[in-house]
Amino acid sequence: MGAWSARHRKTAVFGWLLFVVLAAYLGGLHGSTKVEQSESMPGEVARAAKILDDAGIKRPAGETVLVQSAALTADDPAFRAVVDQVRSAVDGTGRATDLHSPYDSGAISADRHSALLQFTVAGDNDKAVENVPALLDAVGKVQAAHRDLTVEEFGEASSGKWFQDQFTNDFSRAEWTAVPLALGILLIAFGALVAAVLPVVLALTAFIAAGGLVALSSGLLHTSDDASSVMLLVGLAVGVDYCLFYLRREREERAAGRDAATALQIAAATSGRAVLVSGVTVVVAMAGMFLTGIADFQAMSLATIIVVITAVLGSLTVLPALLSMLGDRVDKGRIPLLHRLRGADTGNGGRVWNALLTPVLRRPLAATVLAGGLLLGLAAPLLTMHTANLTFQQQLPKGNALVATSARIEAAFPGSPSPATVVVKAGDIGSPEMTRALADFQKAALATPGVHGPIQLTVHRAQNVATLDVPLPGSGNDATSTAALRALRASVVPQTLLKVPGTEAPVTGQTAGSHDFNQQMSDAMIPVFGFVVAFAFLLMLTSFRSLGIAVTAVVLNLLSVGAAYGVLALVFQHGVGASLLGTAGVGAVESWVPLFLFVILFGLSMDYHVFVVSRIKEAHDRGLSTAAAVSYGIRSTAGVVTSAAVIMVGVFAVFGTLSMQSMKQMGVGLAVAVLIDATVIRAVLLPAAMSLLGERNWYLPRWLAWLPDLSHGEGLPPAVPAPAGPSGRHAAERQHAGI
């Protein structure tokens, strides 16, 4: 592929540009089909959403205005006057329906110092988000006129508006922060403007093309906003890294005296091959997410697979063509100080890497025990990890006004912010049997420990559907809420509603969603983990024809993932160091994050592993002993691994600064894992483990001799530079090998 692109430079470059433009244009023309709620959640929640969708029932966005006073009670005329003003202000916007005064609905707290004015926002959910700003302004004006009382609005539309705006702002901030950050790191790595810009431009064009392809494919497999975030995150990281691997090898060969054509040939046969194997590994790992059976995960999986394939395609075709066009002009725009600091690409590694590697290779057993113990210690909090579908209050930043309002409503009216909703589908919703069953359900539900009224019944006679909103105790995803949910599902619903033949009555809501999602994640964990580990092992075995290399790769990746899990539990569940990230411990890790991190990290970790081990095998295949090959491979890839890791950590860390708790957890988890992988794993455990194994690294049982023998650079001009600080024995080995 590299040779073809070098010979057909214009075809490769303009073909790539045409591909990007067409993919983006056609994707924009087609538009994106988003995941529906009935697809996004498993279990009874999905059944409930399907019943409502099939019946054409759009649940209106409910809003609540809290009127609260420490001094006045709801019986005082001044308190009642404020409630009346709120009602008039809300009604005057023309954007609200079904207004219920607390004096009519009975929504007054037990101490009578708080009251709730309840209404629905006009339009479906999307339209409600557009209408709610006028309502918020109207309520805000009443609050401004009565500073001695609390007058605050909270509900589905107002929270949906905040999430929508914040998601857009966060996504924009991530784009505008991550790209300049990657460019700055590449400037330091290359010391030249053209060489730094090239990987960023290719990564961005790959992301743009992939976005169009995802939109085009969304008719077959629906996409989501989360998929777009993940595609940017992974696309920028791997796109830049793949180009970096290729470009640094080409520059290294040119610095060693190769002519331009030979340098490009070597880069294509070595780094190009490593990029291809790494890309296939990421794709296979991401495919494991299809086994979850959850539409959001499948959307993220497809988006990531498409952006990785696109990035690999660009790295193996248009990059060699551009390098062939530019030649040594790729070093144009040198920044004097940075270029001098970087020095020539001699392949000898930096002082820090040499200082780390020398004692590791001298005492590999001690290094293995110490580094392994450190990672196991970091992974220890994993044993206490609790996962949950985080509530609204847990997702938002500490001190957020909506969270404060929700907390005040929860304190005055326990259970009201997160009710369970029973969706009833009957043959005849108005029949006497069904009417009795609905009444019996309400009585039985109120008799359940922790469940209290009022239970709101809404009947849709034309569709033979009814909904019952049942306030649950607890925070929404704690043990108290879950126990009440289980009681409704296991006893109350079967003993009342389901006694009427032909009736369906799935229980949905925030607590139900969290419970069902966690259950689905638990069921999917073993199949996904098994699939990813097995296929990663097979890919390593096939690529390197070595049982030792394949086993080492899997074990080291599991260690880095375990350490990342431990840090997640420590910071976001237990709150250790959370204030440094502008957040607080929320008592749980977002339920989808561990599985997602496992799949992503297992794929991305192979970036470094394939690149470094390919270099080691390349040297070993040319005659070096394993010890000398390990020393050479680690040192010669040190600069690239450092640059690539800093870029990945930087990009992922940007997501750790976003507002949403789930995005923070994803960003921090990925950043920590990559940092561990590029330092403790690559600088200590990998060389130590390979030194301990010696020639057993390359062991392949006879019954596996049929595996294909994939070249690692054999047949190229036999020049491997000597690593810095060689021992006399290693120098003799290189001389004997003619290297």
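The values are calculated or read from the model by the stated rules, or taken from the named source; none is laboratory data. The model shown is predicted, which means the values in this text are computed figures rather than measured ones. Here the Cβ positions follow ideal geometry from the backbone for every residue, glycine too, while neighbour counts run over all protein chains shown. Accessible surface areas use protein heavy atoms only, side chains included; no ligands, DNA or RNA. Shrake-Rupley method; radii C 1.70, N 1.55, O 1.52, S 1.80 Å.
Mean separation of Cα pairs under 8 Å and 6 or more residues apart, divided by the residue count, gives the chain a relative contact order of 17 percent.
Net charge of the neighbourhood of Leu183, taken over other residues with C-beta under 15 Å away and scored Lys/Arg +1, Asp/Glu -1, is -2.
Relative to the 2.2 N^0.38 Å rule of thumb, segment 598-641 has a C-alpha radius of gyration ratio of 1.25.
Using the Cβ of Val307 as centre and a radius below 15 Å, the other residues enclosed give a net charge of -4, where K and R count +1 and D and E count -1. Each peptide in 222-231, 206-215 gets a packing score, the mean of other Cβ atoms within 10 Å over its residues, and the list from highest to lowest is 206-215, 222-231. Specify the angular offset, from 0 to 90 degrees and rounded to the nearest 10, of the alpha carbon long axis of helix 728-737 from the longest principal axis of the alpha carbons in the chain. Value to nearest ten degrees: 80. Summing charges over all other residues whose Cβ lies under 11 Å from the Cβ of Glu433, with Lys and Arg as +1 and Asp and Glu as -1, gives 0. What does the C-alpha gyration tensor say about the overall shape of segment 1-150? Classify as rounded when a/c is under 1.5, otherwise prolate if a/b is larger than b/c, or oblate. Since a/c reaches 1.5 and a/b is larger than b/c, the shape of segment 1-150 is classed as prolate. The Rg/Rh ratio for segment 147-260, using Cα coordinates for both the radius of gyration and the Kirkwood hydrodynamic radius, is 1.21. By the compact-protein rule of thumb, 2.2 N^0.38 Å, the alpha-carbon radius of gyration of segment 584-684 corresponds to a ratio of 1.30.
Here the sum of -39500 (n - 2.57) over DSSP H runs of 4 or more residues, divided by the residues of the chain, equals -20500 deg cm²/dmol at 222 nm, to the nearest 500.
The phi torsions of segment 364-369, fed into the Karplus equation with coefficients 6.51, -1.76 and 1.60 and a -60° offset, translate into couplings of x, 5, 4, 5, 5, 5 Hz, rounded to whole numbers, with Gly and Pro shown as x.
In segment 481-558, the C-alpha radius of gyration followed by the widest Cα-Cα span (Dmax) gives 22.0, 64 angstrom. Per residue, the chain exposes 40 Å² of accessible surface when a 1.4 Å probe is rolled over the protein heavy atoms with every protein chain present.
What ranking, highest mean first, results for peptides 607-620, 67-80 when packing means the other Cβ atoms within 10 Å averaged over each residue?
In descending order of packing, they fall as 607-620, 67-80.
Spatially, segment 640-695 and segment 254-280 are offset by 24 Å when compared through their Cα centroids. Shown here are the Rg and Dmax of the Cα trace of segment 75-120, at 10.7, 33 Å. Separation of segment 1-48 from segment 601-636 is 33 Å, based on Cα centroids.
Compute the Cα gyration tensor for the chain, then decide on rounded, prolate or oblate, letting a ≥ b ≥ c be the square roots of its eigenvalues: rounded whenever a/c is under 1.5, prolate when a/b is larger than b/c in the other cases, and oblate in all that remain. In terms of gyration-tensor shape, prolate. Here segment 220-332 has an Rg and Dmax of 16.7, 53 Å, counting Cα atoms alone. Share of carbon and sulfur in the accessible area of the chain stands at 62%, probe radius 1.4 Å.
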